[in-house]
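In what follows, a single structure is set out as structure tokens and then discussed.
Coordinate-derived values only; no laboratory data. This structure is a prediction, so every number in the text was calculated from the model and none was measured. So basically every Cβ, Gly included, is an ideal-geometry build from the backbone, and we count neighbours across all protein chains shown.
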């Protein structure tokens, strides 16, 4: 009976695309009559036993599917799975961390544990995020994705599930893989070369493998595609007609003409400069001749400078070694090193929301403009909008005149400084060493130590130096500065393009550095084997147990240079806020156990019944102790049907960034300020009092500017009074796998699984809009206290909405996933192989507090919801004959809608996205026994991305008028590869 169970675990489709069924997994079947049953381990368990079957759903991507994809970046492969939504990656520009992350079930990358051979991968930053770019793709044998909590086995973070990259550990020979891909527009090139060398040692007592890899990815600018050439407003649809007609954006009138100065669809940090007194609203805009008018004439088209695909270059190497000291004891080790550079770029810097103390006697201000400012100031004084907070009456005469200072915003793009850039250079290494073997005949032990370290330097260039600009505005002669600094060069912001000379730009430019370091050390000892004296009568096998201990210590360090530390907004204009050093860490001791108990075997309606259980106790030096557990079963009523059920309690302890971040300023997404001029016609007496309670004067209510480009100033960091505790999750999965025997359909497998992941006390921040709504719509005084205005404004540096990291209420994902796999023999014509995975969300909700609204993201997109289609599938059909293979992949994304609470604020054409179907073609041919050529075409029919404008989602996901990580923005892509293996 034991052999029949193993045979069932081997009955899977061989060489198909995505192995959508979840356990049993594919194993190499040989002549079972001639050899012993192999003891195997599965992802999601530390127990090794014959015919192991997981009670948790596991999706496997095999080596053949990896070759079909022809993709050196594993994140690009994982994002096609219906169980994931895109995280950070090559299509994220503004808001990118210069990495590639995985987001399972839309629950956040911080809740998806990344493993290599069942061991944690070193994070690249203090937020505990793992950059999957470091995974040695040429060495990957398969990728296992476990659905549901796996904390009882792997510890913290495995709430949505775990992604385990299983590497080849017995490679012999030499393999050279080369690939190149390019879009139909002859750009976006990606090249990859990997060399893998392996050999057995000492009469096959060991093996060593060395894999070296190089990858380079070229940039694609938004301006390289018609959709990204101009900014389209989500609310009004401005510039949408121009895009449909293939026209460029409407340029600004001649008196406001400048590079990328347009009539609409851009930023109010513009060219020429916009002028306003802080607390008194926007007063007007300069013209190119230096005059100042009350009407505005242009916005700045920031789109073309941004990236649809960020450039990157990677060098990496991985070495694996193992050696049998005796028949029962083996030593092993691995070493991974990578050096990765990623560049991001956004539009030229500017003065943005910075406030300046402007001397009205500055001679670079023209006479007309000076008088305009004086008149505007006196009008504001008469309206009660001027006080000692925004006016320095130097001569004390009670009126605004040329001797005075006004606190102003001069919203100007500094095109003369070039685009803003951030270059992330990351070097990372991780080594593992250990010994494993057998004691007491059939008990296996494994003792290991691993250490990893990530070092990152970020260089930020092209930014304005706000401190120097303030100094440069204070001049009486236009040649020298009042601070007496001989290096100070007065700056002329009072006009259009070209008023800033090279000398002015040199003094006004700021280049800043950041350094991050993260280290992780883990010591693990496990032992597992059968307890022979505990066996259910007739079960066919005894209880198998695993016991273990793990110690883990992680430390994170972030050090910005002095420029970035300056409050309230650093010295860099357009940097989004200031930054302060972060240094912290945690250590944890963990004890764990697992059990696998066969209960029934070979009975009617119970061919097999096995129970799986586990428990883990963890003691953190930060949040104390917590416990996780799992309990499930596998039941085969008949040999071709497997029923599996698993209930787990999972946890996630706060990472270094969540417990050790100081309070700093920054930007976050928001849709509207109810107290601003945009809502002036709807301000009731009750709302007016709420606005006043948050620091506004009565005159400022309904007069200050609204949210700009979908962002407001925020004050963030770890909550100094209420630091976050650990998250707790309850995860339940239940499914059925059917593996019948058909004459025409070979290796047929179909699975259907239900999952429910419910997370309490989620670590995060209230969104800026949630706080605004709680204050101004619900009248919550506690939330109103979090709103800090400057001059009544929320867009001025120094203002902000408090967003401290703490525990929020709840996050839930629920759904069903169907997988299938089979092939049809075609006699002399080879065979047809079919596989697929379909995921349907039933629930995808979050709630920050009892009074906050429930955010339902299933089938919606908004600033609160990354696009989440209710149903997605991926299906592959492959024809294989002798040395030739032809494969077609079909990727489907259901239609989605704008979240109902914001849909009315969107242009009608941008309130929904139709369903999308992409088709990818792949072919390979074995030229010789040692050489294989392959060709791929992604997005075969060149499906264009949807158009939603630039404010339909949050900054990181919504760019270039679409969602570039969710939909193909580059167009048709050609891939060519050659593989040499000896």
Sorted from fewest to most neighbouring beta carbons within 10 Å, what does the list 957, 730 look like? 730, 957
Please compute the Kirkwood hydrodynamic radius of the stretch 323-365 from all pairs of different C-alpha atoms, in Å with one decimal. 18.2
Between residue 935 and residue 603, what FRET efficiency comes out of the Förster formula 1/(1 + (r/R0)^6) with R0 = 56 Å and r the beta carbon distance, rounded to 0.05? 0.60
Kirkwood Rh in Å, taken over all unlike Cα pairs in the stretch 848-982: 17.3
Determine, for 176, 927, 386, 687, the number of other Cβ atoms within 10 Å of each Cβ, and report the residues in order from fewest to most. 927, 176, 687, 386
How far apart, in nm, are the 7 Å Cα→Cβ label points at residue 827 and residue 909? 5.6
Under the rule of -39500 (n - 2.57) per DSSP H run of 4 or more residues, summed and divided by the residues of the chain, what mean residue ellipticity at 222 nm is obtained, to the nearest 500 deg cm²/dmol? -2500 deg cm²/dmol
At a temperature of 4 °C and a viscosity of 1.567 mPa s, determine how fast the chain diffuses translationally according to Stokes-Einstein, using the Kirkwood radius over alpha-carbon pairs as Rh; express D in µm²/s, rounded to the nearest whole number. 43
Residue 403 to residue 810: FRET efficiency via 1/(1 + (r/R0)^6), r the Cβ-Cβ distance, R0 51 Å, to the nearest 0.05? 0.30
Round to the nearest 0.05 the FRET efficiency obtained for residue 978 and residue 882 when R0 = 22 Å and r is the Cβ-Cβ distance. 0.70
Go ahead and collect, in residue order, the members of the stretch 198-213 whose backbone nitrogen is under 16 Å from a label point 7 Å along the Cα-Cβ direction of residue 323. 199-210
The correct pair for the stretch 102-144, radius of gyration to one decimal and Dmax as a whole number, both in Å and from Cα atoms, is 10.8, 30
Starting with the highest mean, order 775-785, 293-303 by the number of other Cβ atoms within 10 Å, averaged over the residues of each peptide. 293-303, 775-785
Could you give the length gained on full extension between residue 212 and residue 185, defined as 0.36 nm per residue of separation minus the Cα-Cα distance, in nm? 6.7 nm
Extension gain, residue 638 back to residue 840 (0.36 nm per residue minus Cα-Cα distance, nm): 69.9 nm
Please work out the ratio of the alpha-carbon Rg of the stretch 426-534 to 2.2 N^0.38 Å and round it to two decimals. 2.34
Find how much the distance from residue 423 to residue 511 grows on full extension, using 0.36 nm per residue of separation minus their present alpha carbon separation; answer in nm with one decimal. 30.5 nm
Hull surface over four for the Cα convex hull of the stretch 786-921, reported in nm², is 13.5
In Å, the Kirkwood hydrodynamic radius of the stretch 277-415 over pairs of distinct alpha carbons? 20.0
Percent of Cα-Cα pairs per 5 Å bin, from 0 to the last occupied bin, for the stretch 548-614, please list those. 4, 12, 11, 8, 8, 7, 6, 7, 7, 7, 6, 5, 5, 5, 2, 0
Counting other C-beta atoms within 10 Å, which of 854, 896, 232 has the fewest, and how do the rest follow? 854, 896, 232
If each of residue 551 and residue 699 carries a label point 7 Å out from its Cα toward its Cβ, how far apart are those two points in nm? 6.7
Using alpha carbons only: equivalent-ellipsoid semi-axes of the stretch 109-237, gyration tensor based, whole Å: 36, 26, 10
Sort 100-110, 708-718, 475-485, 906-916 by packing, meaning the average of other beta carbons within 10 Å per residue, with the highest value first. 100-110, 708-718, 906-916, 475-485
Volume of the Cα convex hull of the stretch 343-421, divided per residue and given in Å³: 108
